[in-house]
Every structure is written in C-alpha cells, then in structure tokens.
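Below you'll find the structure, written out as structure tokens, and then a few comments.
The values are calculated or read from the model by the stated rules, or taken from the named source; none is laboratory data. Since the structure is predicted, the reported quantities are computational estimates derived from the model, not experimental observations. Glycine also receives a Cβ, built like all others from the backbone with ideal geometry; neighbour counts cover every protein chain displayed.
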Amino acid sequence: MVARRRKNLSPRYLAFRHARTLLRSQGLLAVDDDYLEAGHQRLHSYMTPGLYGGGYTIKTTQEIDGADKKLEGTQPFFVDKFLFKLPEGEVHSVYPPQGHKEWAEALPHIVFNTPSTPWEWAGSNLDQEPDYEAERSRVPWLAVFVFTKDELELSSDDLAESHGIFGRIKGEEDVRQTKGLTVPVRVKDIEKLQKTASPVKPTPTTTEDTTTELIFLRRELFTTLFCEQDHEGNLKKGSGPDVRPYRFLAHRRDINSTGMAVAAKTATEDDQQSYSVILSHRTGPTSATEPTNCIAHLVSIYGVEHMNWADTSEFVAMSSLYSWSYSCYPSTTPNVYNQFVKLGESAQMLHAAVEAKDLPDSDIPPNIKERVLTRLQNGYTMARYRVKTGESTACFTRGAFIPVANIAAEDIWDRLSNSGSDLQVLDKQLGIMDITYSAAWQLGRTMAIADQSFVTSLGQVRKNIYDLGMYYYQLELLSERSREQIIAAVPSLVQSLQSLQHSRQLSVTNSESRSRRWFRPSVKPIDRSYAGRSRINIHGEEEDATEAHFLRAAREISSACDDKNPDNPSKDPYNEFNTPFSADWMTVLKWVLDRLVFSNIPTHYLVTDGGHLPEESVRFFEVDTRWMNAMIDGALSLANYIDQEDDKVRKAIFHAIYLYRTTPISELDGERPPLPIYGCYVRSALITKFPDLKVDIRRGGKLIKQEELILLRHDIVNVDTMFCLFSKRPSANTWDELWFTQPPHQQSFVAGATVDADTIKIPFRRAYTTNLWKEDGDDVNEPMKTYFWNQEEQSDGSGEPGDSNDPEEGPGVIYHWTDPDDPSVEVRRLSMEYYAQLYLETAQSEMDTTRFEDEFATSALMATQMNSFAWRLKIGINGRNSLATQVVRVNPFAEEAESSVPLPLPASPEPLDNRPSFAYKVRSMDNPGNRDIYMTNIPQDLIFHIVMRSGWGSFDTYLEYVRFTLPLKDPNAEGGAALMKSYIGPGAYMLSNIRFNPILSFRKTDEGVNTHLVITLTPRKVATNGRNPGVWVDNCRELSFVLTGVYINRYPTDKRRVSYNGGEGNGKVEVKYNDRTSPEVADIEEETRLRLEKKEAKSMKDTRAAFLESAVLP
C-alpha cells in the first residue's frame, strides 16, 4: 500500500481526509494500481500468507569448483501462528449480531480485520486438484457452523468424572459447559478424552498451559457435515472426511471505506480497506414456529482431513475459536427491508413528540399551555434545578442540538462570563429559568479542568499574549524604540558623538549658558502597568488602551511560522496544515476544535431527554452555535489571574479563533475551515447489524463532488446509534438527499430466497467477468434462472421452463434438511460442491461469453450469488419544511437515483423571548431582612433592591433608564396605602452600580401640589458618535439604591399593604430599553407591609451590621 493506515485518529479525520482527496485529484499524491473508487468493492477467492503455519525444512546446497562432492545442509523450523485462540481485536463484525433475530434462511458469517486469517494454516493438502493447480482456490482452516442447544449440550453422564468424557482428566473443579456450550480443555489433555475423537493436536510450540474451547459433536452430525458428496449432491456417508467444499465459504473483500463509520478508522489514508469473510453453509431450524436460540461457532477444521473416518467414537471434539448466539425466527418476522421502511417513516426533527392533546386537561390557562407546548417543540425538557439559596425547583434545559433554525451568529462571541450564572434566561410567562447556556458554560469549564495538558497550554498562551500585548502597549505609551530600531540607529549615534566636539554650545565661554544646556523640566511618571491602561479618547470617552495590543499579540501567537524565517510569525493563522508558531496554541486550538465537533461530550448534554431519540428513529437537528460558544467560553475562562471584571486576554483568544474560522485554507481548495451546523442521529437495530452502514450525501440524486466537504463527523456513539454532522444545511444548492446503504463487507448471506420445512427456492443471479453490462444497461437484478427443491421428491415434476422469474424444479440435491438414514438428525446444510458447479454451468449456458467466461467456480463467484439483497434508505430533504423517504434495492453493480415524494415536517416554532428580568424589593434600613417597615416618628432610609434575574440572551440590549413612581398620599385619604405623604429628605444614592445616577423629581397638580415622587435611574454615559444612550444590560445586574430621610405614613391599622404593580393609586416601575419605543411596566408581586409595632432602638454596631446585611436578601 502506498498510503499508510490511520493511527491515533482525530475526531475531525474527515476534514484531513478531504484535503488528501483534493491532493490526489490534482495528481500530487500517488495511489495503488488497484485503488478502488468510492462505492466499489473487489472480491478475491483467497489470500495466502507468505508461509502457512506448520513445519518446514530448509535445504541448502553449495557447489565448489575443484571439489568432488557437494556441500549440503538442512535446517528444520516451525512457523507458529494462532491455532487455538484468535488474536485480540481480530474480529471486525459478525452477522447476525449477538442477541439479534434473523430468519432461518440466513447464513451467519464472520468478518476478520486481517485479510489472510482464514488461510493462515492449510485446510487441505490435496494440491493436485485442477482449481488448486490453476491457483483459483484454497481451502481455509476455519469454518462457521450453526447449532441449536440440543445439538451441543452434554448430559450429566457425559460430564461425570468417573465414566464420562473427562474421566481421565483430573481437575480441581467440576467440568461444566459455558454459555456457548463449550468446555475449556488443555490441549495436551485432549488425547485423554474418552468416547471422543478429535482433529485437535498439539504443535511443537504448545505449552502445558495452552487451552482451547471444545465443542462436542455427535458422530452422526459430524459425519453429515464432512462426508463426501456425489455429482448430484447426495451424501456419501461411507466416505470422508472431505473439507474441499469449504473453499467456497471464505473470501477476501476489498472496499473503499468512504461514508463508513468503523471501517474508515482503520483504513489507509486513501480509504482502502481489506477484510476476510467466512460464511456458514448451515442454516437455522427451518421448521421452527417460534423463536429458537441458535449458537454460531467459528471452528477449526485444521486436521479434519487426516482423521480416521472409520473411528466409531461417540463424540468428535472440535476447537471453537469464537462463538455468538442469535434467535432464529419464523418467516413472519420483519426483515431488513421492513426495518429500513420503519426507520424511514420515523424521520423528523429532534424534539419531544408532544402535541396539545397530550397535555393534561386541567384548569391551565390556554396561553400557558401553548407556551409549554412551544418550549417542548423547541427541543426543551424539564429538569430539577437547585438555586443558590438551596431550594429545589424546575427549570428548562436544552442540548446543543435544536429542532428550529439557528439564528445566532456563528463566529462572533463577545459576551464573556466568569461564573455562568449570568447566562441563565428566565421565561417570564412561565416563571421558569432556562439554564441551557449556563450548563454549557459549566460543562466547558469542567471538561477543561479535567484536561491537564490543555490547562497548562492555556495558561502559557494567556501569559504569552499578556506579556506581548503589554510590551506593545508600553512601546506605544513611551514612544520607545524596539531593539532592532536601536541597533539600526547605532551608526548615526556614533557619528553624532564624533561631531560633539564641534558643538557651538561647548565653545561659548559663558558659564550660565553652559549650565542651561543640562536643564530638563520634570515629567510626571507614566503608569505603564495593566491597572493604568484606561485613558480618555478625543471624544472624552474612557477606553482601554491595551485591547488593540492584546489582539495583535493573539494574532502573532496563533499564527504559523514564517516560511523564510521560522523564528518569526507569519501573517497566516495556524490551521493544522502548516507549522505552528506556538506549540501551546496548537494544543489549545486542537482542544477547541475537537469540542466544536462534540468529541468526548457526554450525550445527555446533547440529547437531554431519551424521548427525543426513541428506538428505530432518525432525528435531524441544527447546531446551536450559542451553546457551542458558551461551552468554549467556560473552558477559556480558566487561568485568568489578571482581570476578573473584563478579561481582555480571553477576548483576544476568541479573536484568534475567529481569525482561524474566517481564513481560507489552501489545502482545502481555498475553503474556510468547516464547522458543523447540521446533523442527524440514527438509532436502530440496523446499526448493530451493520456498524459500517454507509452514508452518502447527494444533491439532485447525484453524488457530491469530492471538492465539497459536507460530512464532518460520522461515528457510532452507541451500539445502536449513529451520529453524523454536516458543514452545510440542506438546500437545493448544497445537498438535498441522504442515503443509508448496507455496507458491502457487512451484507448478509442467505441459503435461498425462501427456506422452510419443505422447500427451498434459489434465484441464480447474473454473473459477469466483463464490464459490458455498463455499456448495454443490463438489468443485473434479473436472475438467470430460479430453481426450487422439495424435501420429498414430487411425482408431478414441475412446469416447463418459462420466464426466468418462474421457478422450476432444480436438478440434484442442493439442500439437505435431515440425514437420509436418520431423520432425527437435522443436517440443514447446502451441498456446496454441487451448488457451485450447478451455478457455474448455469452461468456458462445462460450468459453470453462476452459477459461471463470462466471454467472454475470460486468462492468470490459464490459470494456474489449467496449474498442477500442489499437495501438503501433514501431520505430527501426538499427545503426546510419537507422530507421524503424511500427504500430501494441496491444494484450490486451500479448505483442509481430514485424519485421521492415530499412529506410535511413540523414547522419551525417561533423563537422564545430572552428579555432581561429584574427582581424588585423595597426594604427599610432598620429591617432589611423582610418586607415589614415600621411606622415611626423618625425618618428612615429605604433600600430599593433591583437585581437582574436573567437577561443574558439580550446581546444587543441597552438599558436607558429605570423609573420609580411613588404616590404621595395622606394617611387619611381614601384608596390604597402609600409609603409617604411627602418627601423633604436629602435625596438618593446608588449602592454599588455607579454607572447610574438617581434623579428625583415630582409630579404636581395644576395647583402645584405634589402627587407623586419620581425616582429615575439615569446613565452617567452620554450618547455620542452613534453610541447607544444606555448601559449594556450585562452591566446592569445590580441597580439597588437608597432613598434617605423618608417619613413613613402612620396608619391607624396594622399591616397596611403598599403595592407597586402599576394599578390605580399604586406605585409603578418603568424600564426603558434601546430597542423598544416605549418603556415596559415591571410586574412586581411583592408588597410592602406597614407595621404598627416599633422595634427597640438599635445600637450603632447593630445599625452598621444591618446595613452590610442589606446587600444580600433571602
């Protein structure tokens, strides 16, 4: 092979494979002469190793001139290979899979990762046969057999120590059969078995501890499996053993692994892969009316040819190297075609299958019910959530995969978080918190902490960017010259020193003039530290002078090495196809990119509810780029030791990632680095049966050109679940069809189209040794002939030969139901020698010699005949709102497109509102722990608590003002209660957020009487140069202020309630955002209670403690 095999595979190996494909298409990479294109396979009848296992003798002869005799020498040696146990990882797949169900006509098979495994030992020494001499076939040393429990199970007498099979073998424990009905026995003890013959013999390298798993076949069954056959397929039980028919049951299969999840990971870099396949010629029970458990064994037939056929031992012990079990079902059970149809009918978007009728009938308001349904259809699920204060409540959460259109910007993320809690969003209509992005942030941080190499590299990258950025900042601040500039100025400095003696200032005689020469005015020291980075620009606005320098430093750290001078960074960013300027940045970028294709992310963060992905379903989704960016933000928040308020270095790292994502890569034909934005899950038993289920992406029925990289990830994430990610959304211009096809090396084999207790029907497929079928358009799925055989010969014969689809009675005996001498012994095997010869003769007579010409039947020829029909599921996505599915039979020689009819998909639900939400509370400085305010004769200070509960989703929202309107009413006036009659205090001040000023004003009647106190929190910032006249909501998480000197109204009754809900006579809170034309009225549920009881006077210490406690409310 020219190309190497893949090792240490990256989760983004498809992107690297695409680059290699482009180079190969341009003729820049060499390929093998036998290179297979995508969608093609090649079958070989056998592949022998360099040397078979066994003993050899080397003979050397040397002739010397002048000598009378020859010098000869011999050296025996033994080629030792695995004989009693398969190497670890040798089995690629089996069919049917462990524990699955299959029809009786299915022929189980096993696929090996090594293409020469079936021929490592010589299964037969008959090398004088014509096909052997023509090098058209070899007998394997392994075979697959299917047994039922009663055929292998030993009785208690057979297992007894005294007179049983193992009576002469002394062991510490009782002999028991395993679940596979095998018995582990030391190889050197096999000759001690009683009532048993065995072909298993020790080799010169066999040790005392070498063991093997043995199955015990009764003599009658063994005879029917290995006896010779006559020219019509009848069993000749008196002669044998014969292992030559097993040469038709093993072959090598070469494939192109493009579109396959498992095979592609061990294939060459050119997607070439080779396997070896062994299939059984024995079926499951044909007369079963209910599921029957069957056990398939991979058995060594090495040495069977040399057994004594006249031996009358009751049992024959054979070495089993591998086994698995499955259920043999009657013909009424669903087959692969039915499974594909059911899978296609289930295709929809990834969300809960909930409709309005599924919600409980209760007194829930219709708008609330509709809101909940919208949430569920948007992919959300309910989860348990514990708030910071310890209470448990419910919350909404959603994974990274959403069933609605992703409207977020894909590349921009500048809303950094330090804890993740500010990324929570409150659904104001339901009063339930959405923790989706907060959970993503915490996940990213947790995964980063668990990766020591990433944290180390991230800390180093942060330090490099900070040091280099501060260096550039200080250079600008002091107008200093760099080292290179100083060295370049040395010649002029020397010249200036030489001319110094001619200076006129030195030649004057006035001493006062000479002294002024050294005078320099004092200069205020410049703060060059990070803390002194703020400055005022020409517009009078404060700005951070270091940000631009950090961005410049990040561009250099994240760049590739310069081609001419590797010690300097280039202008191009590092893109994994060039050499990185910083090895630490390479580690950070790889970690980030692996997370962006969701590598090693727990599944419950991606699919938050098992009901979103039921069994036998296909689910499509879009990738929520906000979720991805929040996760990366959490990871990059580590190693921040400089600034906890505004992490400029993290912004610079995000800028470097954005630069990578937007810079074209020449190795990808000038395309930008692809990132996933669409994908699908396939959960089905078909994935277990066919782990390499092939995925093809098509546009208009045609395969996408190799220059386009759409499939970014293709993995088996669970035993029955396949995961795909795509770089483009489906459309008429990108891709509109998705095909799932049975892989060529995992297609099943069958004894015939139908097999039951009385009849077997076998269509003989067309065979080709040339490619003329392409030119003439042959219908390759049309059989040459269709034969049937009955267990009992029919006296009336059969109909005369007619159409090839009409079955006619077949000659000879091609399938044996039972032993002709003992009907109680079920044979259930094909007469492979006769079957192969009959198929060859039929192809020679029915096919034109321009299409088929061969004189030998081979295992490759029989593999194509016994292969079951392969099926393909086509899913057409015609735009965002339509989808179609279709299951078609795969042409074994070519691929073709079929039309499809669109079916409606659920419409995209409307996006949810992510507006900021504040909590409002009014408390007294004397009693900040609850809402009671005592009606006293002395003025009190009132705390107006304003805390943001959510609002992270409002990226571009700015708060322009918050306005409290408090009614001023006499205690004796009618209507609701008010806090005060009038206000004559000194005013209000902010507790912590100094971005706002509390401005007090009054509303008056025409007579000049104050009716309302208006407190407006106004931003200090002035709107200039097109900037928003407000404060970004992320900086408004706490807006609490204190109103001093308030005389509380004194009512005669206790517990008078003061409301702020905006009703008539009540207080009101208005909030104005930049993207709304009018202010919003806040919905405040909490009321203030005015109490009669007067608390005891507090000491100054208690008052100070109460003030400090007021910052945090329960």
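A few points about this structure:
- Members of region 224-245 that are closer than 28 Å to Asp158 by Cβ and in contact with a Gly (Cβ under 7 Å, 6 or more places away or on another chain): Phe226, Cys227, Val243
- Being within 16 Å of the chain's Cα centre (by Cα), farther than 29 Å from Arg462 by Cα and not in a loop (DSSP other than H, G, I, E, B) is a condition met by no residue of region 659-671.
- With respect to (1) more than 21 Å from Ser320 (Cα to Cα); (2) modelled with pLDDT under 90, the lone exception for Ser137 is condition (2).
- Cβ pairs under 7 Å, 6+ apart, first in region 601-621 and closer than 19 Å to Leu686 by Cβ, second part of a helix (DSSP H, G or I): Glu616/Lys342; Glu616/Leu343; Val618/Leu343; Arg619/His612
- Only one of the numbered conditions (1) buried (at least 22 other Cβ atoms within 10 Å of the Cβ); (2) not in a loop (DSSP other than H, G, I, E, B) is not met by Pro674, and that is (2).
- Of the residues making up region 687-703, at least one is outside the structural domain of Gln26 (by TED's automatic domain parsing), surrounded by fewer than 17 Cβ atoms within 10 Å (Cβ to Cβ) and not in a strand (DSSP E or B).
- The numbered conditions (1) in a helix (DSSP H, G or I); (2) without any contact (Cβ under 8 Å) to a residue 60 or more places away in the chain; (3) of a type outside the set (D, E, K, R) are all true for Tyr641 except (1).
One line per residue, one yes/no per condition, for (1) under 30 Å from Thr864 (Cα atoms); (2) among the hydrophobic types (A, V, I, L, M, F, W, C); (3) in a loop (DSSP other than H, G, I, E, B):
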position: Gly55; (1), (2), (3): no, no, no
position: Thr60; (1), (2), (3): no, no, no
position: Asp65; (1), (2), (3): no, no, yes
position: Phe77; (1), (2), (3): no, yes, no
position: Leu83; (1), (2), (3): yes, yes, yes
position: Pro87; (1), (2), (3): yes, no, yes
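- Verdict on Ala317 being over 30 Å from Ala400 (Cα atoms), over 34 Å from the mean Cα position of the chain (by Cα), in a loop (DSSP other than H, G, I, E, B) and not acidic (Asp, Glu): no
- All positions within region 265-278 that are crowded, with 21+ Cβ neighbours inside 10 Å and closer than 15 Å to Phe16 by Cβ: Ala267, Asp270, Asp271
- One residue stands out in region 987-1022 among those that are surrounded by 14 or more Cβ atoms within 10 Å (Cβ to Cβ) and among the charged types (D, E, K, R): the one that is modelled with the lowest pLDDT, namely Lys1021.
- Looking across Phe147, Phe82, one residue alone is closer than 22 Å to Phe248 by Cβ and among the hydrophobic types (A, V, I, L, M, F, W, C). It is Phe147.
- Residue in region 614-637 that is closer than 30 Å to Phe740 by Cβ, touching a Gly at 6+ places or on another chain (Cβ under 7 Å) and assigned to a helix (DSSP H, G or I) present: yes
- Of all residues in region 46-102, those satisfying the criterion of being closer than 21 Å to Leu142 by Cβ, exposed (fewer than 13 other Cβ atoms within 10 Å of the Cβ) and among the small types (Gly, Ala, Ser) are Gly50, Gly55, Gly89.
- Sub-8 Å Cβ pairs linking a first residue in region 29-43 that is closer than 24 Å to Ala863 by Cα to a second residue that is hydroxyl-bearing (Ser, Thr, Tyr) and modelled with pLDDT of 80 or more, at least 6 apart or interchain, are Ala38/Thr258; Gly39/Thr258; Leu43/Thr864, ordered by first then second residue.
- Reported count of residues in region 49-69, each being at pLDDT below 90 and in contact with a Ser or Thr (Cβ under 7 Å, 6 or more places away or on another chain), is 1.
- One residue alone among Arg949, Arg963 is basic (Lys, Arg), in contact with a strand residue (DSSP E or B) (Cβ under 6 Å, 6 or more places away or on another chain), in a strand (DSSP E or B) and modelled with pLDDT of 90 or more, and that residue is Arg963.
- Matching strands (runs of 3 or more DSSP E) fully within region 178-288 where at least 1 residues are more than 30 Å from Asp34 (Cβ to Cβ) and among the hydrophobic types (A, V, I, L, M, F, W, C): 183-186, 211-218
- Residue among Lys179, Lys170, Lys188, Lys201 that is within 45 Å of the chain's Cα centre (by Cα) and either at pLDDT below 90 or surrounded by fewer than 16 Cβ atoms within 10 Å (Cβ to Cβ) (or both): Lys179
- Scanning region 586-600 for residues that are surrounded by 19 or more Cβ atoms within 10 Å (Cβ to Cβ) and aliphatic (A, V, I, L, M) yields Val588, Leu589, Val592, Leu593, Leu596, Val597.
- The requirement of being at pLDDT 65 or above and either assigned to a helix (DSSP H, G or I) or over 35 Å from the mean Cα position of the chain (by Cα) (or both) is fulfilled somewhere in region 521-532, by at least one residue.
- For Tyr1051, the stated conditions hold: it is in contact with a Pro (Cβ under 7 Å, 6 or more places away or on another chain), at pLDDT 85 or above, assigned to a loop (DSSP other than H, G, I, E, B) and surrounded by 15 or more Cβ atoms within 10 Å (Cβ to Cβ).
- Phe598 satisfies every condition listed in (1) at pLDDT 90 or above; (2) outside any loop (DSSP other than H, G, I, E, B) except (2).
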